[in-house]
Amino acid sequence: MMPRGSQKANSLAIAGFLAPFVAAGITGILILAFGEEITSSWASISYLTIVPLTLLTGIVLCLKSIPLIEKLGDKDYAYSGLTLNILFLIVYITSLIYFL
């Protein structure tokens, strides 16, 4: 039996929790880098592919980490990461509807 303090981290849950912040960082970098030319083809392609793939990857990671909660813990990271990914994906879809 392992002591409670030396338990391994649920790295899938942690990575899934951090994914929406990575997507927001990518969006911020695109806005800062392209500024007024944000509608250029390179920025549009990046925004239309990289950001949703990052969010969907976060959702998949969080869903894969849920069965590991019993063994590894980090229930808060798994469920809050799933909630944040879904919320950011809704905001992303709303921004697409608004701007397109």
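The values are calculated or read from the model by the stated rules, or taken from the named source; none is laboratory data. What you see is a predicted model, and the numbers here were worked out from it, not measured in a lab. Cβ atoms come from the backbone with ideal geometry, glycine included; neighbour counts cover every protein chain shown. Just the protein is used for accessible areas: all its heavy atoms, side chains included, with ligands, DNA and RNA removed. Shrake-Rupley method; radii C 1.70, N 1.55, O 1.52, S 1.80 Å.
So that you can scan it fast, the table gives a plain yes or no per residue for (1) of a type outside the set (Val, Ile, Thr); (2) within 14 Å of the chain's Cα centre (by Cα):
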{"position": "Leu55", "(1), (2)": "yes, yes"}
{"position": "Ile59", "(1), (2)": "no, yes"}
{"position": "Leu63", "(1), (2)": "yes, yes"}
{"position": "Lys71", "(1), (2)": "yes, no"}
{"position": "Lys75", "(1), (2)": "yes, no"}
{"position": "Asn85", "(1), (2)": "yes, yes"}
{"position": "Phe88", "(1), (2)": "yes, yes"}
{"position": "Tyr92", "(1), (2)": "yes, yes"}
{"position": "Leu96", "(1), (2)": "yes, no"}
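Within the stretch 8-19, residues that are polar (S, T, N, Q) sit with their Cβ atoms under 8 Å from residues that are open to solvent by 10 Å² or more (accessible area, probe 1.4 Å), at 6+ positions apart or across chains, in these pairs: Asn10/Leu68; Asn10/Ile69; Asn10/Leu72; Asn10/Gly73; Asn10/Asp74; Asn10/Tyr77. Taking residues in the stretch 53-79 that are polar (S, T, N, Q) and modelled with pLDDT of 85 or more, and partners anywhere that are outside any helix (DSSP H, G or I) and open to solvent by less than 90 Å² (accessible area, probe 1.4 Å), the pairs with Cβ atoms closer than 9 Å and at least 6 places apart or on different chains are Ser65/Asn10; Ser65/Asp74. Checking each residue in the stretch 1-25 for being at pLDDT 85 or above and either small (Gly, Ala, Ser) or under 16 Å from Leu96 (Cα atoms) (or both) picks out Ser11, Ala13, Ala15, Gly16, Ala19, Ala23, Ala24, Gly25.
Suppose the filter is assigned to a helix (DSSP H, G or I), open to solvent by less than 30 Å² (accessible area, probe 1.4 Å) and closer than 16 Å to Ala19 by Cα; does Ser95 pass it? In short, no. The helices (runs of 4 or more DSSP H) falling completely within the stretch 6-91 that include 3 or more residues that are out of contact with any Pro (no Cβ under 9 Å at 6 or more places or on another chain) and loosely packed, with under 15 Cβ neighbours inside 10 Å map to 11-34, 41-65.
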